[in-house]
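Peer 1: Could you have a look at this structure, given as structure tokens, before my questions?
The values are calculated or read from the model by the stated rules, or taken from the named source; none is laboratory data. Please read all numbers here as calculations on a predicted model, not as lab measurements. Please note: Cβ atoms are built from the backbone with ideal geometry, for glycine as well, and neighbour counts cover all protein chains shown.
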């Protein structure tokens with residue numbers, strides 16, 4: 001049963017093992033993603049060349065694919081990386097950034113889902129809806145839909161691809177088949193910092209590297225995100241100081257903060 | 001007549017409408033650009049693949065093109081995006097980063113100016129001069145010329161392309177045909193942070209998204225930049241703390257700060 | 001003889017001359033690299049297009065090549081840039097990020113070393129070992145080997161390529177033929193910030209731009225890195241506040257801090 005203890009144990013394992021998390025992600029967030037993984041205790045690597053992605057996956061404990069700034073060569077590398085992850089039996093996290101905004105993104109996200117097993121899809125409401133329903137409205141990479149509106153779509157994706165689906169928003173909702181975990185931690189400043197959704201996907205990769213239960217891994221990552229967001233907001237004057245304190249808290253967070261603050265609905 | 005009221009009104013409209021600003025920009029500043037747009041209240045999106053730029057422009061309220069780290073495929077995407085912006089009648093801001101430093105950059109900037117209507121060109125003195133005069137000296141992406149030296153070149157570009165030209169420096173000078181606005185806000189630490197010129201271009205896109213008067217939009221963006229720079233400098237110990245406070249101030253700035261601090265010469 | 005005076009003199013020259021440092025580096029660290037160079041007083045430029053790298057090298061006082069996020073087109077541009085630097089007689093710094101992690105990276109680093117004279121190779125223990133010994137273990141871009149384990153490999157590279165080799169770790173070790181400088185400044189938080197190794201390479205480029213002695217330039221850069229790290233650590237709560245204070249200290253550091261804190265073993 002998912003609880004504060006699950007999150008505490010996974011966090012300790014991330015810090016003890018420092019799992020290598022291989023990211024093929026977008027240009028906007030690469031620095032933040034790497035820093036968030038280092039702050040929490042994981043070891044990030046970024047590599048996208050078709051010449052090396054498979055070999056790099058061979059060193060990694062999790063693969064995170066993020067389509068935030070796509071181009072054709074990268075899509076090929078992403079597919080190869082997913083197939084290499086399948087062979088190596090490491091978990092894959094897919095972040096379908098901006099799915100629904102352009103047909104290229106929606107098609108690419110769907111194509112990647114077909115190219116090999118994905119353990120966890122993590123996106124906002126609009127993105128999750130767009131993977132199921134081609135007529136979804138979006139506004140670039142920001143969501144026009146709350147996560148509740150996407151729960152049924154998430155459940156459908158979970159059945160179709162045998163994965164957990166993590167939908168972020170004011171309440172984060174993680175579904176896998178009939179199971180659901182709602183994480184109520186977080187803060188309204190979080191969407192004012194670019195790439196915190198992508199950061200959530202990267203941390204989900206770190207949790208999946210140490211916990212084979214995809215539902216727990218996805219929920220644990222969102223819990224740590226949300227709690228660090230609350231702690232950072234107490235010290236921030238605006239989005240930039242919020243981001244700084246958030247990253248510091250990924251480094252500082254421990255048993256005490258998780259026990260005191262975790263708010264979940266099972 | 002441009003005044004504090006113009007800036008206050010435009011800023012409120014940015015925050016109320018959260019216009020989607022589509023950026024095709026350089027790798028160095030993508031994260032800062034997105035965060036600056038989020039901090040001020042706009043909604044940023046980055047997309048450069050030829051497969052999707054036109055569709056993404058179709059969702060946007062302004063397009064910002066920045067040639068800071070060029071490569072051939074991106075130039076094609078930039079041209080397509082500008083033509084899509086023309087069809088959708090949304091304003092285009094062009095930042096000719098490093099024009100004059102290499103002939104590839106100068107030629108690309110000129111080619112983009114020919115590919116469709118640009119509402120505002122925003123660059124430093126060297127870059128604006130280089131667009132007009134092929135013999136201009138530059139030092140990479142930093143300016144060797146103050147903005148005053150580029151006013152005539154700016155006016156010439158304004159006539160030739162029917163756009164406003166925003167020249168940044170200790171005093172920012174915005175020209176359109178015979179009109180001129182000088183913005184005297186700012187701080188010497190600003191050029192010690194990479195990408196604040198690019199940030200100015202992105203914010204110019206946000207202002208242009210809510211104000212069809214290109215001269216006012218360009219001047220309003222420089223005014224907010226400069227005032228936030230002054231406020232940040234009062235709290236900074238060096239360039240990094242300056243950048244943090246600057247981004248926080250983009251979030252916090254309101255009527256009071258603009259009224260108290262705006263220094264313009266019409 | 002290398003001493004605090006050497007570092008102080010080089011730092012003053014960087015600030016007086018603001019040398020243009022041309023970087024072809026990875027997506028993860030571009031922003032940090034540019035900001036670190038600006039903070040210390042140099043002038044950064046990033047350019048990677050084959051159409052312009054040679055012309056940009058022609059404006060620069062040093063070239064820094066970093067293979068952190070490789071792809072094929074970039075490798076071609078890197079080779080061209082090194083050959084242009086040879087013609088212009090400006091120093092080249094090579095950072096073989098992740099050499100040993102994939103054969104593409106190891107092969108690329110070696111190929112670049114063959115394409116023209118490199119003044120300084122700067123890497124962590126694993127990377128330096130991998131350039132010499134194909135069987136080296138690595139963990140993505142993080143080192144599994146302390147710098148002492150790589151001293152002999154460093155000396156071998158120094159002989160083979162006629163360059164200095166700067167090996168970073170808890171103690172930084174710079175070797176050139178039979179000479180060695182150990183820099184004992186630094187702080188354990190430094191590897192928790194992404195790209196501080198890449199920052200060291202960029203600052204090494206700035207020092208090499210003002211000091212033709214590659215051993216001194218390499219050691220001076222590591223000394224300033226380490227001292228700023230110690231100063232930042234005293235004010236930091238975690239990796240993000242550490243990074244902020246570190247960058248501020250690059251701007252603030254002067255004679256006093258260097259004299260008081262420099263710890264070297266010649």
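Peer 1: In the range C:242-260, which residue that is more than 10 Å from chain B (Cβ to nearest Cβ) and in a helix (DSSP H, G or I) is surrounded by the most Cβ atoms within 10 Å (Cβ to Cβ)?
Peer 2: Here the residue is C:242.
Peer 1: From the list A:31, A:13, exactly one residue is assigned to a helix (DSSP H, G or I) and either modelled with pLDDT under 95 or within 7 Å of chain C (Cβ to nearest Cβ) (or both). Which is it? Lay out the reasoning, then the answer.
Peer 2: Values: A:13 fails: either modelled with pLDDT under 95 or within 7 Å of chain C (Cβ to nearest Cβ) (or both).
Within the list A:31, A:13, the selection yields A:31.
Peer 1: Restricting the search to the range A:97-136, which residues are assigned to a loop (DSSP other than H, G, I, E, B) and within 17 Å of residue A:159 (Cβ to Cβ)?
Peer 2: Result: A:117, A:118, A:119, A:133.
Peer 1: Residues of the range B:157-191 being in contact with a helix residue (DSSP H, G or I) (Cβ under 9 Å, 6 or more places away or on another chain), surrounded by fewer than 17 Cβ atoms within 10 Å (Cβ to Cβ) and outside any loop (DSSP other than H, G, I, E, B), which ones?
Peer 2: Answer for the range B:157-191, where residues must be in contact with a helix residue (DSSP H, G or I) (Cβ under 9 Å, 6 or more places away or on another chain), surrounded by fewer than 17 Cβ atoms within 10 Å (Cβ to Cβ) and outside any loop (DSSP other than H, G, I, E, B): B:160, B:179, B:180.
Peer 1: A follow-up question, please. Would you pick out the residues in the range B:216-241 that are in contact with a helix residue (DSSP H, G or I) (Cβ under 6 Å, 6 or more places away or on another chain) and away from chain C (no Cβ under 14 Å)?
Peer 2: Within the range B:216-241, B:216, B:217, B:218, B:220, B:221, B:223, B:225, B:227, B:228, B:229, B:231 qualify.
Peer 1: Further question on the same structure: In the range A:67-93, which residues are part of a loop (DSSP other than H, G, I, E, B), touching a residue at least 24 places away in the same chain (Cβ under 8 Å) and farther than 19 Å from residue A:161 by Cβ? Steps first, please.
Peer 2: Filtering the range A:67-93 down to residues part of a loop (DSSP other than H, G, I, E, B) leaves A:67-71, A:89-91.
Adding the requirement that they be touching a residue at least 24 places away in the same chain (Cβ under 8 Å) leaves A:67-70, A:90-91.
Those that are part of a loop (DSSP other than H, G, I, E, B), touching a residue at least 24 places away in the same chain (Cβ under 8 Å) and farther than 19 Å from residue A:161 by Cβ: A:68, A:69, A:70.
Peer 1: Could you grab me the full set of residues in the range C:41-68 that are more than 9 Å from chain B (Cβ to nearest Cβ) and crowded, with 23+ Cβ neighbours inside 10 Å?
Peer 2: Residues satisfying the conditions are C:42, C:57, C:62, C:63, C:64, C:65, C:66, C:67, C:68.
Peer 1: Within the range C:16-28, count every residue that is in a strand (DSSP E or B) and closer than 20 Å to residue C:222 by Cβ.
Peer 2: Total meeting the criteria: 2.
Peer 1: Looking at C:96, C:147 in this structure, which one is free of Cβ contacts under 8 Å to residues at least 40 places away in the same chain and within 14 Å of chain A (Cβ to nearest Cβ)?
Peer 2: Values: C:147 fails: within 14 Å of chain A (Cβ to nearest Cβ).
Within the list C:96, C:147, the selection yields C:96.
Peer 1: Another question, if that's okay. Among the residues of the range C:58-74, what is the count of those that are under 23 Å from residue C:195 (Cα atoms) and modelled with pLDDT of 95 or more?
Peer 2: Within the range C:58-74, residues that are under 23 Å from residue C:195 (Cα atoms) and modelled with pLDDT of 95 or more number 8.
Peer 1: Looking at residue C:38, is it assigned to a helix (DSSP H, G or I) and facing chain B (nearest Cβ under 10 Å)?
Peer 2: yes
Peer 1: I'm told residue C:163 meets every condition in (1) more than 14 Å from chain A (Cβ to nearest Cβ); (2) within 26 Å of residue A:46 (Cα to Cα); (3) at pLDDT 95 or above except one. Can you identify the failing condition by its number?
Peer 2: (2)
Peer 1: Tell me the residue from B:77, B:36 that is surrounded by 24 or more Cβ atoms within 10 Å (Cβ to Cβ) and closer than 17 Å to residue B:95 by Cβ, please. Break it down into steps so the answer makes sense when it comes.
Peer 2: Working: B:77 fails: surrounded by 24 or more Cβ atoms within 10 Å (Cβ to Cβ).
Answer to the check: B:36.
Peer 1: Assess whether residue C:48 counts as being under 28 Å from residue C:101 (Cα atoms) and part of a loop (DSSP other than H, G, I, E, B).
Peer 2: Numbers: under 28 Å from residue C:101 (Cα atoms): yes; part of a loop (DSSP other than H, G, I, E, B): yes.
It is true that residue C:48 is under 28 Å from residue C:101 (Cα atoms) and part of a loop (DSSP other than H, G, I, E, B).
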